[in-house]
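Colleague: Here it is: the structure, laid out below.
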Amino acid sequence: MKTDKFEQELTSLRPTLLAFTRKFTKNRDESLDLLQDTMLKALSRKSKFREDVNLKGWLYVLMRNMFINQYRKDKNTVSNRVDESYLNWVEETNTFNRPDGAAQIKEVWKIVDSIKDEFGKPFKMYVSGYKYQEIAKELGIPIGTVKSRIFQARIEIQNQLIGYR
């Protein structure tokens, strides 16, 4: 395909491509950025475009792949980035690192140990990281029963903790 014809068809597909960006993002600025990036990539790769291929479909695939790659990149950078000055500023609120925290945890576990075994065992397994299906299989009871017993254990523990305060 000649360069002029390619650029002409690319320009004519701009409104259609902009509408297609709405499938990926509702933000107008992000849509315009995605459109611009797609068109730039298409122009830089026009030598790889074959005339027997549907241009609109080729552009859609190009746009989709660019969006997915950018999403993955953003997801990784946001979740892995932590402002260390914030961590130094935030007060430690959990009880695990304080001296009196160990005593509190022991008291809570005493309460957990004091509840009926039929409620306590599924609760302890759940707190230890077992999934509902694994608990049900281990204890030979339905998943609904597991969920109910864990819920009942929570209520009983909460009630005893209210009296503990």
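No lab work stands behind these numbers, since they all come straight from the coordinates. Note that this is a predicted model, so its numbers are computed, not measured. In this analysis, Cβ positions are derived from the backbone assuming ideal geometry, glycine residues included, and neighbour counts consider all displayed protein chains.
Colleague: Among the residues of the stretch 3-21, is there at least one that is at negative phi and touching an Asp or Glu at 6+ places or on another chain (Cβ under 9 Å)? Show your work before the answer.
Modeller: As a first pass, look at the stretch 3-21 and keep what is at negative phi: 3-21.
Now narrow it down to the ones that are touching an Asp or Glu at 6+ places or on another chain (Cβ under 9 Å): 21.
Yes, some residue in the stretch 3-21 is at negative phi and touching an Asp or Glu at 6+ places or on another chain (Cβ under 9 Å).
Colleague: With the structure loaded, tell me whether TYR126 is among the hydroxyl-bearing types (Ser, Thr, Tyr) and in a helix (DSSP H, G or I) or whether it fails that test.
Modeller: yes
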